[in-house]
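Report on one structure; see the data block that follows.
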Amino acid sequence: MHGADVVLLLVAGVVAGVAGSVAGLASLVSYPALLAAGLPALAANVTNTVALCTYSLSAAAFSRGELAGQAGRLRRLAPITATGGAAGAALLLSTPAAVFERLVPLLIGGASLVLLLQPSITRLTGGVVSERSPAVLAGVFAVGVYGGYFGAAAGVVLLALLAVSVAEPLARLVAVRNSAMGLANAVAAVGFALFGPVRWAAAAPLAVGFLTGGAIGPGLVRRLPGGRLRVAIAVAGLALAVKLGVDTFGHGGTAG
């Protein structure tokens, strides 16, 4: 690992940590940085997941105010995302990626639209979509699987599910999203550390950057108006879905 690569990954980790806290798009920054540092795709994926653990810890530590009073919600969601994360990690290490990756642009695009239209959806449903409903819980599990498998914009998908089923300010939903996805990521990271081709020399500077970015992000979320933040996250997710869709279907390759 050259000095320039270390600096690249350190800076990318800070930017990705902020992007993850605010928009759930950390891997959109960090994964390409690992590729630019010369890591093969699978090694970049698992190394990114391992490094993300420091971001999750940092973001949770600096979101204690938003997490207050949500222990029951986290106890309900965290085991589901953790189980999904373990399943996703096992899938990544044992199955071809092509079929799953073709679903990713549709998943991210659909979730971004749900998030963008969340006020209208809430009015149409009359607030009857419950966070305890089987459909929502199944969706949370699916997000956990995706988070363990690859994870780009998994936070956007989970935030969309929470936004239409939980009557809380967006900053509090973002904090829950970060914590629940963090557990899914941590479970996957354990599997990758034991059985995957983790590049520890690349993981270390990225993890330090994540730690810093994860500390900065929650403060930004508190200061941003909830409506504008929701729209910004949705638009960023739609842009990512279009890019991944072009990469996957337009050029015959795989996304990510």
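Summary table
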{"read-out": "Residue list for segment 134-163, restricted to those being within 17 Å of residue 59 (Cβ to Cβ), out of contact with any Gly (no Cβ under 7 Å at 6 or more places or on another chain) and either of a type outside the set (A, V, I, L, M, F, W, C) or not in a helix (DSSP H, G or I) (or both)", "value": "151"}
{"read-out": "Output for segment 85-134, where each listed residue is at pLDDT 70 or above, crowded, with 16+ Cβ neighbours inside 10 Å and among the β-branched types (Val, Ile, Thr)", "value": "108, 114"}
{"read-out": "Per-region count, segment 164-188, residues in a helix (DSSP H, G or I) and either surrounded by fewer than 24 Cβ atoms within 10 Å (Cβ to Cβ) or not small (Gly, Ala, Ser) (or both)", "value": "14"}
{"read-out": "One residue from 59, 19 being in contact with a Pro (Cβ under 9 Å, 6 or more places away or on another chain) and under 18 Å from residue 156 (Cβ atoms)", "value": "59"}
{"read-out": "Meets criteria (at pLDDT 85 or above, touching a Pro at 6+ places or on another chain (Cβ under 9 Å) and over 22 Å from residue 49 (Cα atoms)) for residue 171", "value": "yes"}
{"read-out": "Qualifying residue in segment 138-148 (condition: modelled with pLDDT under 80, of a type outside the set (A, V, I, L, M), under 23 Å from residue 48 (Cα atoms) and surrounded by fewer than 22 Cβ atoms within 10 Å (Cβ to Cβ))", "value": "no"}
{"read-out": "Residue ranges of helices (runs of 4 or more DSSP H) in segment 28-99 with at least 1 members under 18 Å from residue 205 (Cβ atoms)", "value": "41-61"}
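The values are calculated or read from the model by the stated rules, or taken from the named source; none is laboratory data. Model, not experiment: these values are computed from the prediction. Cβ: placed from backbone, ideal geometry, glycine included. Neighbour counts: every protein chain shown.
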